[in-house]
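So the structure is just underneath, and the comments pick up after that.
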Amino acid sequence: MKSLLRLALSATAIPLVFSQAATAAGISGAPAPFDKGDVKVALISYISAGDFFQAYQAGAEAQAKALGIDLRVFPGRQDAAEQREQILQAINLGVSGIVIDHGLPESLGDVVQQALDKGVKIVAFDVNLNNPKIPQVEQSDHELADLALKQVVKDNGNSFKAAYVYVAGFAPLDRRNEVWDAFKKENAGVVEKARFGNVSDTTATSTADQAKAALTANPDISVVFAPYDEFARGVKLAASDLGIAGKLKIYSADVSTADIQEITEPGSPWVATVATNPAVVGAVSIRAAALQIAGQDVPHQITVKPTLLTQEGLRAAGVKTIEELGKKVPAFSTSDAVTASWIPDKLF
């Protein structure tokens, strides 16, 4: 019954409209069509649950509002068939651009091509659509993983027993995995004792269940590399439930206010994360779409640089929220990627 209801909702889903309608006057000095306004863009996500994705959406909405874009936001439910249907709906709505936030490449190629054939501009964030016409926005995932693993070595040396949290098929995780594989080859003393992971609408709790089993079976694990904050949250929960938080160190990627609170709380095993500001990444994604719609050049690969955030550093700076992090680490709240003089970029 639930599956039938889900299919019915998928077939008739109506996009949520979060941003204000495009301004009638447009932006003075902007190229067409932004000089007149009334530009429709769709943001189509594969995952909406979790602080990272909510912040990404908020950044996209803020940039869209500043550009007078009528942004149609389709919620992600980790459902490849529904995401395909949402792309078709966006095409039928007459959007000028579509930002695709995550997803499974094998399920998107043909519907994305339909959009391109109708003149719709496409931007992909953390999903490799393998098309030269589609700019790819990413968080420099290789650098992100490399910074995290350098901190691992700084804290633990290069000989330890590790657990690794990973799910294949997601572009950012696959890129981070390439760095992990190279790291193990370069550091023979690092032994991966357990590998697990789950991506769903309950990623943290599902990962916690897997982590409990892995950590119980391998009590000599002292380091966990969990390069996605929902993974790290799940491992931290498992460590707390098992009473082993004091003997474990967790290293992750991505950050949110909730993450900062969990990292800095007394006795937390979550000692470092490497992240970009997801709101900035959302804004960059919208800017890339806007530039394409305006007929201006956009690089195929668009990278937003990450920042290492340690438990010690966050505590010393008294950072408790993303907003405070942005004020105390200014580079975290800005990016000069894909912008132009006519694009407002002071958003946060």
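For q = 0.14, 0.26 Å⁻¹, what log10 I(q)/I(0) does the stretch 136-194 give under the Debye formula with an equal point scatterer on each alpha carbon and no solvent?
-0.38, -1.16
Which percent of the accessible area of the chain is formed by carbon and sulfur heavy atoms (probe 1.4 angstrom)?
Values: 7690 of 14520 Å².
Carbon and sulfur together cover 53 percent of it.
So what's the gap between the Cα centers of the stretch 286-348 and the stretch 204-270, to the nearest angstrom?
A separation of 27 Å, based on Cα centres.
Which listed residue (313, 339, 326) has the Cα farthest towards the positive end of the charge dipole for the stretch 258-348, taking +1 on Lys and Arg C-beta and -1 on Asp and Glu C-beta about the Cα centre?
339
Arranged from highest to lowest average of other beta-carbon atoms within 10 Å per residue, in what order do the peptides 116-126, 274-284 appear?
Top of the packing list down: 274-284, 116-126.
Looking at the chain only, what percent of DSSP beta bridges run antiparallel? Nearest 5 please. Please list the in-between numbers first.
On the way: 7 of 46 bridges.
Here the share of antiparallel DSSP bridges comes out near 15 percent.
Averaging the inverse of every distinct alpha carbon separation and then flipping it gives the Kirkwood radius. What is it for the stretch 41-82, in angstrom units? Can you show the working numbers first?
On the way: mean 1/r = 0.0932 Å⁻¹.
Kirkwood radius, the stretch 41-82: 10.7 Å.
Given the options 148, 80, 243, identify the residue whose Cα lies farthest towards the positive end of the charge dipole of the chain (+1 on Cβ of Lys, Arg; -1 on Cβ of Asp, Glu).
The residue sitting farthest along the positive end of the dipole is 243.
Would you please give the FRET efficiency between residue 261 and residue 159, computed as 1/(1 + (r/R0)^6) with r the Cβ-Cβ distance and R0 = 35 Å, to the nearest 0.05? It would help to have the intermediate numbers written out before the result.
Numbers: r = 32 Å, r/R0 = 0.92.
That gives a FRET efficiency of 0.60.
Note the per residue figure in Å³ for the convex hull of the C-alpha positions in the chain.
132 Å³
Of the peptides 225-233, 129-137, 183-191, how do they stack up when ordered by the mean number of other Cβ atoms within 10 Å, highest first?
225-233, 129-137, 183-191
For the chain, with only Lys/Arg (+1) and Asp/Glu (-1) charged at the beta-carbon, what is the dipole magnitude about the Cα centre, in debye rounded to 20?
240 debye
How many Å² of accessible area per residue for the stretch 257-348, probe 1.4 Å?
Value returned for the stretch 257-348: 44 Å² of accessible area per residue.
Along its principal axes, what span do the Cα atoms of the stretch 46-159 show, with the longest given first and each in whole Å?
55, 31, 25
Just the Cα atoms of the stretch 271-318: what Rg and Dmax do they give in Å?
Calculated on Cα positions, Rg and Dmax stand at 15.4, 46 Å.
Quick one: grab Rg to one decimal and Dmax as a whole number for the stretch 74-132, Cα atoms only, in Å.
10.3, 28
Show that you can apply the helix-only estimate: for the chain, add -39,500 (n - 2.57) for every DSSP H stretch of four or more residues, divide by all residues, and state [θ] at 222 nm to the nearest 500. Before the final figure, lay out the partial values.
On the way: 12 runs with 152 residues, N = 348.
Estimated from H runs of four or more residues: -14000 deg cm²/dmol.
For the stretch 164-265, would you read off the P(r) tail past 16 Å as a percentage of all alpha carbon pairs?
Roughly 55 percent, rounded to a whole number.
Could you give me D for the stretch 231-333, from Stokes-Einstein at 25 °C and 0.890 mPa s, where the hydrodynamic radius is the Kirkwood radius over C-alpha pairs? Units µm² s⁻¹, please.
In µm²/s, the coefficient rounds to 162.
Positive end of the charge dipole of the stretch 199-268 (Lys, Arg +1 and Asp, Glu -1 on Cβ, about the Cα centre): tell me which of 216, 227, 268 has its Cα farthest that way.
The one lying farthest along the dipole's positive direction is 216.
What three numbers, in Å, describe the spread of the alpha carbons of the stretch 97-199 along their principal axes, ordered from the longest?
Extents along the principal axes, in whole Å: 55, 22, 18.
The values are calculated or read from the model by the stated rules, or taken from the named source; none is laboratory data. Source: prediction; values computed, not measured. Positions of Cβ are generated from backbone atoms using ideal geometry, with glycine treated the same way; all protein chains shown enter the neighbour counts. Quick note on the areas: whole protein, heavy atoms, side chains included, nothing else; ligands and nucleic acids left out. Shrake-Rupley method; radii C 1.70, N 1.55, O 1.52, S 1.80 Å.
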